[in-house]
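The values are calculated or read from the model by the stated rules, or taken from the named source; none is laboratory data. As the structure is a prediction and not an experimental result, all values here were calculated from the model. Heads up, the Cβs are rebuilt from the backbone with ideal geometry, glycines too, and the neighbour counts pull from every protein chain shown.
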Amino acid sequence: MRATLGLIALLAVLAVGYYIFRAQVAPVVSGGSPVQQMDLVAVRSDLLSLAQCERFYLATNGRYGSMEQLRQAGNLNPFPGDNHPGYVYEVEINGVAHFRITARPVDSARGELPTLSIDETMRIVR
């Protein structure tokens, strides 16, 4: 009886772990070629880095900054996104209230790449 309960508990933990894994990884690697998947992972990483830079800039300057202001402050030197062709990054700011960083695909030859964005909530959305 004890062994059966232990097995059921183990299966329940594995099921929860699998669910969490699918929820976290599936949106990152869904569809497309392996190259497109690597591009998406790199762009997501860039967006997270940019959002962290915005948070740091807010803490030191009292407001969010444009891409140029982040570069001038030394937060983006070097910016990894400069090495990922196929995407352009745009920053929209509203003082201390809001920022949105959007990664737009510009290279149609690389297939159908999604537009991704992140805001002060640190959530990446399509």
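Here are some notes:
To keep it simple, each residue is scored yes or no on (1) at pLDDT 80 or above; (2) aliphatic (A, V, I, L, M); (3) on the phi > 0 side of the Ramachandran plot.
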{"position": "ALA12", "(1), (2), (3)": "yes, yes, no"}
{"position": "VAL28", "(1), (2), (3)": "no, yes, no"}
{"position": "GLN37", "(1), (2), (3)": "no, no, no"}
{"position": "ARG44", "(1), (2), (3)": "yes, no, no"}
{"position": "LEU48", "(1), (2), (3)": "yes, yes, no"}
{"position": "LEU58", "(1), (2), (3)": "yes, yes, no"}
{"position": "GLY62", "(1), (2), (3)": "yes, no, yes"}
{"position": "ASN75", "(1), (2), (3)": "no, no, no"}
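- Residues being surrounded by 15 or more Cβ atoms within 10 Å (Cβ to Cβ) and part of a helix (DSSP H, G or I) - total across region 56-69: 4
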